[in-house]
Protein chains: 2
Amino acid sequence: MSQAPEQAIVGGVLEAIAEHRLKAGVKLGEQDLCEIYHCNRAHVRRALATLEAQKVVKLEPNRGAFIATPTPEEARNVFQARRAIELVIARNVVRQASAEDVARLREHVEQEHLARQSSDRRDAIRLSGRFHLILGEMCGNEVLDEFLNELVMRSSLIISMYSASQAPLCGDEEHALIVDAIAQGDEATLMERIEHHLRHLERSIAIEPTNASPDLKDILQAPGR
Amino acid sequence: MSQAPEQAIVGGVLEAIAEHRLKAGVKLGEQDLCEIYHCNRAHVRRALATLEAQKVVKLEPNRGAFIATPTPEEARNVFQARRAIELVIARNVVRQASAEDVARLREHVEQEHLARQSSDRRDAIRLSGRFHLILGEMCGNEVLDEFLNELVMRSSLIISMYSASQAPLCGDEEHALIVDAIAQGDEATLMERIEHHLRHLERSIAIEPTNASPDLKDILQAPGR
DNA sequence: CTACACAAGATTGTTAACAATCACAACTGT
DNA sequence: ACAGTTGTGATTGTTAACAATCTTGTGTAG
């Protein structure tokens, strides 16, 4: 089977969520997706099944597919799971990080800094979440990496749903401090910083759902695609 | 949309894996599944997409769907992830378990004991894995519970793939000792026992793939379905 | 103005048919 | 006997069409 259309749809939806272009509760109409991705409905329906298995989308019988809307309890569960996973990932990273790994992380933090200064908010959001995903890639355990990917995506939905104003970014210096601890091989400090960072992120989210129903075509066909 | 056929297929496959009736590498033909579950191919293809998203099945273009075959590295990653997840779950359980929870766990351990004595191996296997899933249900965090479900399922595949002889069950008394620690609210002991138990299970698996290609109809239409 | 009923269009659910690809058996040549 | 080629049937990939359900707009009554 050719999975190209399915992969394009799944990847496009996940990316739009990561960049906060696609919000919780938005309806993903089958025909809309067919037109956006130029494919047959069978591909769309399969991609939606995949997205549902990944907790990205909720399929409602006879009504269609909607981006998931996490409850407050689910939000708390996601952040607890994140702390569990990211602490293990961090431990793996600090134990095996090479000089190249550290340089890559520093480079990424620098890019975050530049994106903030250039007021490119979408880029800053993407890079902010991406920092955590790079740690997952480096930890040497693909299972943990996959879980982290799912948790970061679900965090994105939670953030876009429960942030009254603009989505909060990770603290300005917190990523840099995390990289410092990795570079120094200081496991205890690293764990503290990761825990502090994630609790800080969780506290920065107020429980206020925002409402939005933007144009699907604009979102999924973002500039640069 | 009516998800009944899709759910039946996904549930049936997962259950067959948990009971070691369905082994790593087995081909799941679309037409076979249509006949077994009396549904149209569209349902089968969607269920297979779901199973792939859950890492249960690997879809190969133009060749079909095969039960996943974890590599040795993946096996190690799964067990490391399991230790990370199950330790957090255990901590949650010991902090919030009620008297009813403890009674439920003791009842379950007793059932495991009876299944072992009655030589009902399939039941013993199912109950053995189920003990861990009950802890997940009790931990009050559905995200962790979902991850645990996936990890236990993948462990089942690893066990059925890498065990040269009969699938090892969890140690005879280890579950009972875990329940004791929960009953006594002894968090430190519980964590030790969980860690020891999981490392014991991991060590009991030899890296010897077994080969089998049994009849799909017999497996998915097990007695009692 | 509000509430209810009905109809029409939109959307999702389902199926069957055809196209494309692969696996395997049979045949041929060395 | 073994290796290579070809053909056939099986299986997967894809599409379109029809059925079923839902949503929305319009009309009517109070």
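Sort through B:Arg154, B:Arg91 and tell me the only one that's among the basic types (Lys, Arg), closer than 23 Å to B:Glu15 by Cβ and within 13 Å of chain A (Cβ to nearest Cβ).
Numbers: B:Arg91 fails: closer than 23 Å to B:Glu15 by Cβ.
Unique residue meeting the criteria: B:Arg154.
Which is more than 28 Å from B:Leu201 (Cα to Cα), hydrophobic (A, V, I, L, M, F, W, C) and touching a Lys or Arg at 6+ places or on another chain (Cβ under 9 Å), of B:Ala49, B:Ala75, B:Ala90, B:Ala68?
Working: B:Ala75 fails: more than 28 Å from B:Leu201 (Cα to Cα); B:Ala90 fails: more than 28 Å from B:Leu201 (Cα to Cα); B:Ala68 fails: more than 28 Å from B:Leu201 (Cα to Cα).
The unique qualifying residue is B:Ala49.
Considering only segment A:54-73, state which residues are hydrophobic (A, V, I, L, M, F, W, C), away from DNA strand D (no atom under 11 Å from the Cβ) and not in a loop (DSSP other than H, G, I, E, B). Even if it seems obvious, please write down each step before you answer.
Kept after step one, since they are hydrophobic (A, V, I, L, M, F, W, C), are these residues of segment A:54-73: A:56-57, A:59, A:65-68.
If we keep only those that are away from DNA strand D (no atom under 11 Å from the Cβ) as well, we get A:56-57, A:59, A:65, A:67-68.
Correct list: A:Val57, A:Leu59, A:Ala65, A:Ile67.
Does segment B:25-42 contain any residue that is within 13 Å of DNA strand C (Cβ to nearest atom), of a type in the set (Gly, Ala, Ser) and within 29 Å of A:Leu148 (Cα to Cα)?
no
What number of residues within segment A:16-27 are within 14 Å of DNA strand D (Cβ to nearest atom) and either among the aliphatic types (A, V, I, L, M) or over 15 Å from A:Ser160 (Cα atoms) (or both)? Quick ask: steps written out before the conclusion?
Taking segment A:16-27 as the starting set, the residues that turn out to be within 14 Å of DNA strand D (Cβ to nearest atom) are A:25-27.
Checking the rest, the ones that are also either among the aliphatic types (A, V, I, L, M) or over 15 Å from A:Ser160 (Cα atoms) (or both) come to A:26-27.
Qualifying residue count for the region: 2.
Return only the number of the condition from (1) free of Cβ contacts under 8 Å to residues at least 40 places away in the same chain; (2) closer than 22 Å to A:Ile205 by Cα; (3) away from every other protein chain (no Cβ under 14 Å) that A:Glu100 does not satisfy.
(2)
What are the residues in segment A:79-130 that are outside any helix (DSSP H, G or I) and buried (at least 18 other Cβ atoms within 10 Å of the Cβ), if any?
Hit for segment A:79-130 is A:Ala97, nothing else.
Looking at segment B:29-53, which of the residues that are more than 10 Å from DNA strand D (Cβ to nearest atom), under 20 Å from A:Leu48 (Cβ atoms) and open to solvent by 50 Å² or more (accessible area, probe 1.4 Å) is farthest from the other protein chains (Cβ to nearest Cβ)?
Of everything passing the filter in segment B:29-53, B:His43 is farthest from the other protein chains (Cβ to nearest Cβ).
I'm checking my understanding of the structure. Among residues of segment B:3-24 that are away from DNA strand C (no atom under 13 Å from the Cβ) and of a type in the set (Gly, Ala, Ser), which one is nearest to the other protein chains (Cβ to nearest Cβ)? Show your work before the answer.
So in segment B:3-24, the residues away from DNA strand C (no atom under 13 Å from the Cβ) come out as B:10-24.
From what is left, the residues that are of a type in the set (Gly, Ala, Ser) are B:11-12, B:16, B:18, B:24.
Values: B:Gly11: 13, B:Gly12: 16, B:Ala16: 18, B:Ala18: 18, B:Ala24: 16 Å.
Among residues in segment B:3-24 that are away from DNA strand C (no atom under 13 Å from the Cβ) and of a type in the set (Gly, Ala, Ser), the one nearest to the other protein chains (Cβ to nearest Cβ) is B:Gly11.
Would you please name the residue that is nearest to DNA strand C (Cβ to nearest atom), looking only at residues in segment B:60-88 that are at the interface with chain A (Cβ under 8 Å from one of its Cβ atoms) and under 22 Å from B:Ala49 (Cα atoms)?
It comes out as B:Asn62.
Could you grab me the full set of residues in segment A:50-59 that are of a type outside the set (Val, Ile, Thr), within 12 Å of DNA strand C (Cβ to nearest atom) and in contact (Cβ under 8 Å) with a residue 12 or more places away in the chain?
Across segment A:50-59, the qualifying residue is only A:Glu52.
Quick one: which residue in A:Glu107, A:Glu74 is under 17 Å from A:Ile17 (Cβ atoms), more than 15 Å from the chain's Cα centre (by Cα) and not hydroxyl-bearing (Ser, Thr, Tyr)? If you could, list the steps in order and put the result at the bottom.
Working: A:Glu107 fails: under 17 Å from A:Ile17 (Cβ atoms).
Being under 17 Å from A:Ile17 (Cβ atoms), more than 15 Å from the chain's Cα centre (by Cα) and not hydroxyl-bearing (Ser, Thr, Tyr) holds for just one of A:Glu107, A:Glu74, which is A:Glu74.
Going by the structure shown, is A:Glu6 touching a Ser or Thr at 6+ places or on another chain (Cβ under 8 Å), within 13 Å of DNA strand D (Cβ to nearest atom) and open to solvent by 20 Å² or more (accessible area, probe 1.4 Å)? I'd like the intermediate steps shown before the answer.
On the way: touching a Ser or Thr at 6+ places or on another chain (Cβ under 8 Å): yes; within 13 Å of DNA strand D (Cβ to nearest atom): yes; open to solvent by 20 Å² or more (accessible area, probe 1.4 Å): yes.
So A:Glu6 passes the test.
When both residues are 6+ apart or on different chains and their Cβ atoms are under 8 Å apart, which pairs have a first residue that lies in segment A:120-135 and is closer than 11 Å to A:Val152 by Cα, and a second that is polar (S, T, N, Q) and assigned to a helix (DSSP H, G or I)?
What qualifies is A:Gly129/A:Ser155; A:Gly129/A:Ser156; A:Leu133/A:Asn149.
Could you tell me whether any residue of segment A:25-37 is under 26 Å from B:Pro5 (Cα atoms), touching a helix residue (DSSP H, G or I) at 6+ places or on another chain (Cβ under 6 Å) and in a strand (DSSP E or B)?
No, segment A:25-37 contains no residue that is under 26 Å from B:Pro5 (Cα atoms), touching a helix residue (DSSP H, G or I) at 6+ places or on another chain (Cβ under 6 Å) and in a strand (DSSP E or B).
The values are calculated or read from the model by the stated rules, or taken from the named source; none is laboratory data. Everything numeric in this text was worked out from a predicted model, so none of it was measured. Positions of Cβ are generated from backbone atoms using ideal geometry, with glycine treated the same way; all protein chains shown enter the neighbour counts. Note: accessible area is taken over every heavy atom of the protein model, side chains too, but ligands, DNA and RNA are not part of it. Shrake-Rupley method; radii C 1.70, N 1.55, O 1.52, S 1.80 Å.
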